[in-house]
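Computed from the coordinates by the stated procedures, all read-outs in this text should not be read as laboratory data. A quick note: this is a predicted structure, and the numbers were derived from the prediction, not measured. So basically every Cβ, Gly included, is an ideal-geometry build from the backbone, and we count neighbours across all protein chains shown.
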Amino acid sequence: MRPIVPSEIGSVVNMFFLYRGERFGVGIILAVSATLAVLVAQGQTQIVWDAFINQFVFYGIIMVSGLLLRCRGWLPRTSLTLVAVGFFPIFSSVTALTGHMMFPLQRPLVDETLFAIDHALGYDWVAAVTWLADYPQLSTIMKYVYLSALPQLLILLIVLGVQGRVIALHRMVVTGMVAGCLITLFWSIWPSFGPSAYLDVPDEVIARAGLLVTPDYGAQLMDLARNGMERIEKHQLLGTMAFPSFHILMATLALFFARGTWLFWPYVMANSLMIPATLTHGGHHLIDMPGGVLLFVCSYAISRQMLPQTAQAGCATTPDYPTTATA
């Protein structure tokens, strides 16, 4: 692989000199971390940091390794990739902890309104799950499609980094981070859990469908809403936010930024089932689906403003964005 010339990525002279998108990413992580610190100080819930420290150290080492390569001027595409792969999971963990610190809920759940929209559109989650149980092989495929959302993003991060598509990579990362912040803020005001927290499904149907999100899972969420948590450990982190659907946001994010890479058509095939998979295995309301797409549109619009096509990195000694970049 030929090295990237300065016109493509720019000169790197110091491990602390970050791209504009990386600086935004670090800034977002620090802002969410500050919010988490305030919630921890004011709340009664304790975080068992020992359960998370290994993960933070692991991804921190990945990020620092990328910066060290950049400091030496070695393997610029590898450096670009390592930094992105390092701080994106850190953001995800900090945001998940922030969301869990909001329990017990101080505002009423809005699922009743979402159920009314489901009814108006003719959607019934129990009926959908019961139908899916009659096709166990299809249900298994959809389950793995649902579980593939985050791995798709991590693979795409690596591909964009290896290809040296700097602005596309950073817009993707910043879009995902902005979306995580927006959905957490939205959910703190209008929380929802989805149908699984309210509706019963026969055990036999759950078993045949191999359902991921079950009424038992929904019962855990309702208990969190009422009683909160005394301690948060890693294994206790649950997917809690129904509207808008973050899974649909991730699928849209993957499809949009996979354009122009060899991943695009495989992602089209995989994500063709993401909506029914999210509705059934994810235990979502129907309105959560367009909500996830709208979340992407808003987040991407913000990332484009933060990282315009001709954006410079911000100082003379920091890498500049190539003006030929796309996405």
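Couple of notes before you dig in:
- Rounded to the nearest angstrom and listed largest first, the equivalent-ellipsoid semi-axes of the chain from its Cα gyration tensor are 37, 23, 17.
- Label sites at D50 and V26, each approximated as a point 7 angstrom past Cα along Cα to Cβ, lie 3.2 nm apart.
- Helix 215-227 and the long axis of the chain differ in direction by around 80°, with both axes built from C-alpha atoms.
- Distant alpha-carbon pairs in the range 198-254 (separation over 15 angstrom), percent: 62 percent
- Estimated distance in nm for a label pair at E233 and A37, the labels positioned 7 Å out from Cα along Cα-to-Cβ: 2.7 nm
- Residues whose placed amide H lies under 5 Å from that of I47, excluding near-sequence neighbours: I232
- Each other residue within a Cβ distance under 15 Å of M241 adds +1 if Lys or Arg and -1 if Asp or Glu, for a net charge of -1.
- Considering helices alone, the calculated mean residue ellipticity of the chain at 222 nm is -20500 deg cm²/dmol, with DSSP H runs of length four and up weighted by -39500 (n - 2.57) and normalised per residue.
- With contacts taken as Cα pairs under 8 Å and at least 6 residues apart, the range 20-306 reaches a relative contact order of 27 percent.
- Among P89, N54, V64 the positive-end extreme of the charge dipole of the range 12-108 (Cβ point charges): V64
- Dipole magnitude for the chain: about 1520 debye, using +1 per Lys or Arg Cβ and -1 per Asp or Glu Cβ, origin at the Cα centre.
- Other residues lying with their Cβ under 13 Å from the Cβ of V85 contribute a combined charge of 0, Lys and Arg counting +1, Asp and Glu -1.
- Each Lys or Arg adds one and each Asp or Glu takes one away; over the other residues whose Cβ falls under 12 Å from the Cβ of M172, this sums to +4.
- Globularity ratio of the range 226-286, using Cα Rg and 2.2 N^0.38 Å: 1.46
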